[in-house]
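Beneath this line is the structure, given in structure tokens, with notes to follow.
Each value in this text was obtained by applying a stated rule to the coordinates, not by laboratory testing. Worth saying up front: this structure is predicted, and the values here are computed from it rather than measured. Glycine gets a Cβ as well: all are built from the backbone with ideal geometry, and neighbour counts include every protein chain shown.
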Amino acid sequence: MKHTEQIYLTPMPVRIWHWLNALGIVTLCVTALQIRFPDYVNVFGTYKAAIRLHNTAGVVVSISYALWLIYYMFVTRTLVKLYVPTLDDIKYGLFRQAFFYFFYYFLGRPNPHHSTPDSKFNPMQKAAYLMIMLVLLPLVVLTGFFLMYIAPLREIFVLVGGIKTLVSAHYLIACCFCAFLFVHIYLATLGHTPFAHFKPMWVGWEEEEVEDGTQEPAHGAGPVLPIHSVGHTAETAETASTGGIHVS
Ligand code: HEM
């Protein structure tokens, strides 16, 4: 027999950041297509309009990224704990998780990773999000910023190999983002129901299916307790004292 537990995984600031960022990145991708292939793509009327919208979305994504970084580094101080893979994750976890996605998932086996507020991401998510959030996003923001100010920053361009190198780098990183988006959305549908992982990004709470009798601590988050009735309100003292796992 299985029962479900409600876990408070995604606080409001992260949810707001995520959907603002997603909208910004999708806008950047579509406007970029028109800027790169103006003869084939025309979604926003003129070429100039596409550039203006691209620059605006770039500024919105940059500011929301800075707020995300400040929130995880200085407010919750959980950036390292949540996003950086441990040695165990690298040696075993990555392979175990990849094996699940490529093979065991199709046999109906359970996900080897159980999310808790202290360990939200499986080793593959940690590696992917770390790369996206701490390497590729800062790089695309930086190269985009340089490209917005070509004239005043011309001397810096020479140092990094000229405008062509910068444009190519910006374009290649953007392609990585498009690839990430497809994989990210596909993997997000592989919960116990297709929308199980989407729910916490809207309401904060994730519903986890757990085999009866398995109440051992999950990934150092304290005891996991079964839920019988759940109130979908905000984070309470009760959830805080149980590590974000709602108990009734
Ligand atoms: C339409 C586009 C997108 C959709 C539908 C989407 C969907 C989701 C879903 C369902 C989750 C929760 C499941 C999970 O943790 O994997 C999630 C989390 C996350 N997504 Fe996205 N995403 C989108 C775009 C993006 C983009 C563009 C980025 C980064 C550039 C991104 C970065 C993240 C991060 C870092 C998390 C973890 C957030 C946290 O809990 O700290 N997502 N996304």
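Here are the numbers for this structure:
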{"item": "0 to 90° range, to nearest 10: angle between helix 162-188 axis and the chain longest Cα axis", "result": "30"}
{"item": "Folded to 0 to 90 degrees: helix 12-36 orientation relative to the chain principal axis, Cα", "result": "30"}
{"item": "Those chymotrypsin sites (Phe, Trp or Tyr not before Pro) in segment 77-152 that DSSP places in a loop and that have at most 15 other beta carbons within 10 Å", "result": "103, 149"}
{"item": "Restraint check, 2/199; 48/199; 126/199; 48/164; 2/120, Cα-Cα greater than 26 Å", "result": "48/199"}
{"item": "Segment 2-241, dipole about Cα centre (Lys/Arg Cβ +1, Asp/Glu Cβ -1), debye to the nearest 20", "result": "1060"}
{"item": "With Cα atoms, 0 to 90° folded angle of helix 137-148 axis to the chain main axis", "result": "20"}
{"item": "For the chain, alpha-carbon Rg over 2.2 N^0.38 Å", "result": "1.17"}
{"item": "In segment 1-88, trypsin sites (Lys or Arg not before Pro) in a DSSP loop with at most 13 other beta-carbon atoms within 10 Å", "result": "77"}
{"item": "Furthest towards positive pole of dipole, 171, 131, 25, structure part the chain, Cβ charges", "result": "171"}
{"item": "Dipole magnitude (debye, nearest 20) for segment 1-100, charges at Cβ of Lys, Arg, Asp, Glu", "result": "60"}
